[in-house]
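See structure below.
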Amino acid sequence: MAKTLKAGRQSIQKAAAVIKRGGVVAFPTETVYGLGADGLNPEACARIFEIKGRPRFDPLILHECSPARARRLFSRIPAAAEKLMAKFWPGPLTLVLPKARAVPDIVTAGLKTVAVRVPANRHALALIKAAGRPVAAPSANRFGRLSPTTAAHVRKQLGAGPDLILDGGRTAIGVESTIITFSGGRPVLLRPGGLPLEEIERAAGVPAGRAARAKAPLAPGCLKKHYAPRVRLEIVEPGAPVRPSARAAYLAFSRRPRGAWAAVKVLSRSGDLREAAANLFRALHLLENSGAGLIYAERVPPHGLGRAIMDRLKRASAR
Ligand code: TXA
Ligand code: MG
């Protein structure tokens with residue numbers, strides 16, 4: 001089992017040393033835990049794919065500790081992207097743009113674009129800074145499974161995989177970053193996430209364009225089945241009558257359902273979508289371990305962070 005250290009000055013120095021020598025460290029970000037390695041070292045990045053059981057065609061995100069360093073990873077930056085970087089970095093926004101030459105092919109899965117973000121988490125920023133290089137990191141879960149929002153989630157899925165796990169407590173946002181690319185000067189949404197699309201459109205001053213339908217999966221965000229609990233999940237309308245069952249679990253948005261269930265989780269008693277997103281994966285981890293054979297998950301309002309929540313629930317329910 002990998003050693004888990006509480007994130008702090010010393011443990012972060014240790015973790016940075018592991019990354020510098022080509023090792024793999026699980027670390028907290030503001031969205032979910034990442035499985036990080038030296039983003040300029042192809043062999044180190046290859047280990048990420050092995051540990052996750054992730055197909056090589058699925059590219060990684062590079063994490064930097066400042067917008068100035070992040071922009072060096074791109075070869076071209078449109079004006080609309082400048083606006084978003086200035087306004088939202090550090091934060092849960094990943095930008096996909098033409099890559100700089102230094103970015104290895106294994107990171108981009110051979111694409112000419114690279115995904116980059118500056119996370120808004122002090123431990124993550126300190127780690128990247130101490131490592132002195134971009135840190136490539138997907139979410140620290142087995143491929144296709146639930147994303148981790150605590151160090152315990154990482155241990156459970158990847159246990160012996162990473163060389164070190166940094167424990168920075170629960171992640172604040174709880175769903176992955178919003179991924180944006182650009183087309184004709186407009187932002188285009190590739191994956192809804194922790195930064196609401198409405199805020200991005202407001203900052204860009206134009207409505208988002210639509211993603212062109214690609215033949216190859218551009219993002220596993222684009223794979224239909226993803227973010228899946230091991231137990232079957234079915235989306236239901238809030239308040240719609242589903243017969244309570246001691247063999248099923250229920251994930252409610254804001255109101256506890258009636259009746260006897262194997263387990264119940266309420267995402268936000270006040271109906272707050274931010275709070276609901278922050279609790280989403282933790283609730284799903286708990287419900288998948290409740291012994292229930294089926295999870296009912298209520299639909300949430302499809303705006304703000306609700307868009308990211310519904311995206312994850314739909315993929316979790318895909319069969
Ligand atoms: O919040 C997050 O984004 C977390 C934390 C750890 O930063 N990371 C994360 O990484 O969610 P991952 O690998 O689980 O998801 C990254 C997504 C994938 O769907 C990948 O296909 C997509 O980003 N991606 C990476 N590079 C891309 C590119 N050049 N073009 C399109 N999509 C890309
Ligand atoms: Mg992931």
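The values are calculated or read from the model by the stated rules, or taken from the named source; none is laboratory data. Keep in mind that what you see is a predicted model, and the values were worked out from it rather than measured. No Cβ is skipped: glycine too gets one built from the backbone with ideal geometry, and neighbour counts run over all protein chains shown. Just so you know, the surface numbers come from the protein's heavy atoms only, side chains and all, with ligands and any DNA or RNA stripped out. Shrake-Rupley method; radii C 1.70, N 1.55, O 1.52, S 1.80 Å.
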- [ ] List the residues whose amide H sits under 5 Å from the amide H of ARG145, counting only those 5 or more places along or on another chain, with H placed 1.01 Å from N in the peptide plane.
- [x] TYR227, ALA228
- [ ] Write down the accessible area per residue of the stretch 3-210 in Å², having rolled a 1.4 Å probe over the full set of protein chains.
- [x] 39
Open item on the list: Whole angstrom only: what separates the Cα centroid of the stretch 42-113 from the Cα centroid of the stretch 142-182?
Closed with: 18
- [ ] Count charges around ARG71 for me, please; just the other residues with Cβ under 14 Å from its Cβ, Lys/Arg as +1, Asp/Glu as -1.
- [x] +4
Open item on the list: Whole-Hz ³J(HN,Hα) for each residue in the stretch 244-254, computed from phi via Karplus 6.51 cos²θ - 1.76 cosθ + 1.60 with θ = phi - 60°, x for glycine and proline: what do you get?
Closed with: x, 8, 6, 9, 10, 10, 10, 9, 9, 6, 10
Open item on the list: Can you list residues from other chains, or at least 5 along the same chain, whose modelled amide H is less than 5 Å from the amide H of ASP167?
Closed with: LEU5, LYS6, ALA7
- [ ] Using packing as a proxy for protection, rank 195-203, 258-266 so that the peptide with the highest average count of other Cβ atoms within 10 Å comes first.
- [x] 195-203, 258-266
Task: Exposure rank, largest accessible area first [VAL103, VAL242; 1.4 Å] - done: VAL242, VAL103
TODO: Output the peptides 131-137, 244-250 sorted from most to least packed, where packing is the average of other Cβ atoms within 10 Å over each peptide's residues.
DONE: 131-137, 244-250
TODO: Quickly rank 180-187, 24-31, 234-241 as a protection proxy: mean count of other C-beta atoms within 10 Å, highest first.
DONE: 24-31, 180-187, 234-241
Task: Column: log10 I(q)/I(0), Debye, Cα scatterers of the chain, q = 0.16 Å⁻¹ - done: -1.34
TODO: Quick one: compute the contact order of the stretch 3-210, relative version, from alpha carbon pairs under 8 angstrom and 6+ residues apart, as a percent.
DONE: 31
- [ ] Of the listed pairs LYS52/LYS156; LYS52/LYS225; LYS112/LYS224; LYS99/LYS314; LYS20/LYS129; LYS224/LYS265, which have alpha-carbon separations greater than 21 Å here?
- [x] LYS112/LYS224; LYS99/LYS314; LYS224/LYS265
